[in-house]
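What follows is a set of notes on a single structure, which appears directly below.
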């Protein structure tokens with residue numbers, strides 16, 4: 001599927017990543033191209049074994065910490081999402097009127113889920129009812145909406161790593177229908193020892209990471225627009241994934257773009273689809289955020305979109321974004337002013 005230029009605009013972005021708190025830190029790290037420091041996390045009490053490497057979000061300055069009682073107990077994924085959303089609104093200079101929120105997750109609140117169900121296994125009668133509400137997928141969206149005072153529809157989408165594209169399309173529908181005038185599309189993930197281990201067993205070179213990114217869409221105004229969308233192109237095997245990404249690249253007309261943001265992670269065994277699809281692209285015009293930030297699951301495409309939107313805004317260029325997904329479908333888009 002290929003779509004014409006979107007009537008909406010990306011008014012502002014927000015980001016919390018292993019590069020730091022804020023879009024500027026994210027863009028600077030990706031443009032610099034140097035992989036961020038990696039740590040070897042410790043096992044949780046009572047557990048043993050070798051954990052996969054990871055890149056964590058650094059501790060924030062007080063100015064970045066979301067204010068309010070609801071953030072005293074919430075999961076890190078919620079704090080990341082709230083900070084990214086607030087940055088996007090602040091940078092746009094907007095008050096949240098007729099604001100919708102689409103939260104996109106792949107893993108969600110895994111820290112509190114592990115904590116709650118560990119208590120259940122020890123003694124179900126004493127499992128904390130305070131923790132349980134923080135285990136559900138919709139908890140981050142609920143906290144962010146209440147924090148911002150959002151008065152439009154709020155929902156959470158669960159899916160593959162490129163669920164962000166579905167979130168963007170839902171926001172477009174809301175804006176086109178006039179239900180809202182602005183919409184935050186947010187993708188967020190948090191570190192968890194089990195996820196890091198799963199990535200390690202899948203391929204020892206994968207480095208798990210965490211963070212959140214937010215796109216503030218408006219029915220009008222100044223800012224980059226998504227000028228073309230290709231996909232989703234379904235696949236079921238890795239061989240089909242290579243074919244799907246190649247088909248997406250051909251339909252995207254990416255040669256007309258000034259920059260390419262790909263999904264490469266720096267591992268030959270996993271980057272075959274990307275390497276073949278973008279073989280003709282100049283390395284100086286190709287950025288691979290995962291190589292710098294690590295694998296952020298559902299938040300990874302959001303980081304790609306934020307980098308693309310910031311490049312388009314600051315340099316007045318067209319940027320192609322490749323989002324091949326991990327399991328089911330490949331998508332791509334071009335962002336430009």
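Some observations on this one:
- Computed helical MRE - 222 nm, the chain, DSSP H runs ≥ 4 contributing -39500 (n - 2.57), nearest 500: -10500 deg cm²/dmol
- Relative contact order (%) - the stretch 171-225, alpha-carbon pairs under 8 angstrom, separation at least six: 44
- Each of 305, 248 was scored by other Cβ atoms within 10 Å of its Cβ. Listed from fewest to most, they are 248, 305.
- With a Förster radius of 22 Å applied to the beta-carbon distance between residue 253 and residue 222, the computed FRET efficiency rounds to 0.30.
- Approximate shape of the chain as ellipsoid semi-axes (Cα gyration tensor, √5λ), whole Å, largest first: 30, 25, 18
- Proxy reagent accessibility, fewest Cβ within 10 Å first, across 156, 331: 156, 331
- Length-normalised contact order of the stretch 225-336 in % [C-alpha pairs under 8 Å, at least 6 apart]: 42
- Summary value for the chain: 26 percent relative contact order, contacts being C-alpha pairs under 8 angstrom separated by 6+ residues.
- Zone of residue 155's modelled label, taken as backbone nitrogen in the stretch 91-112 under 16 Å from a point 7 Å along Cα→Cβ: 99-105
- Projected-area mean, the stretch 120-221, by convex hull of Cα positions, square nanometres: 9.1
- Ranking of 117, 168 by count of other Cβ atoms within 10 Å, fewest first: 117, 168
- What the Cβ-Cβ distance of residue 316 and residue 177 gives, at R0 = 41 Å and to the nearest 0.05, is a FRET efficiency of 0.85.
- Among 81-91, 307-317, the order from most to least packed when residues are scored by Cβ within 10 Å on average: 81-91, 307-317
Readers should treat all values here as calculations from the given coordinates under stated rules, not as data from a laboratory. Note that the structure is a prediction, hence the values are computed from the model and not measured. Positions of Cβ are backbone-derived with ideal geometry, glycine not excepted, and every protein chain shown enters the neighbour counts.
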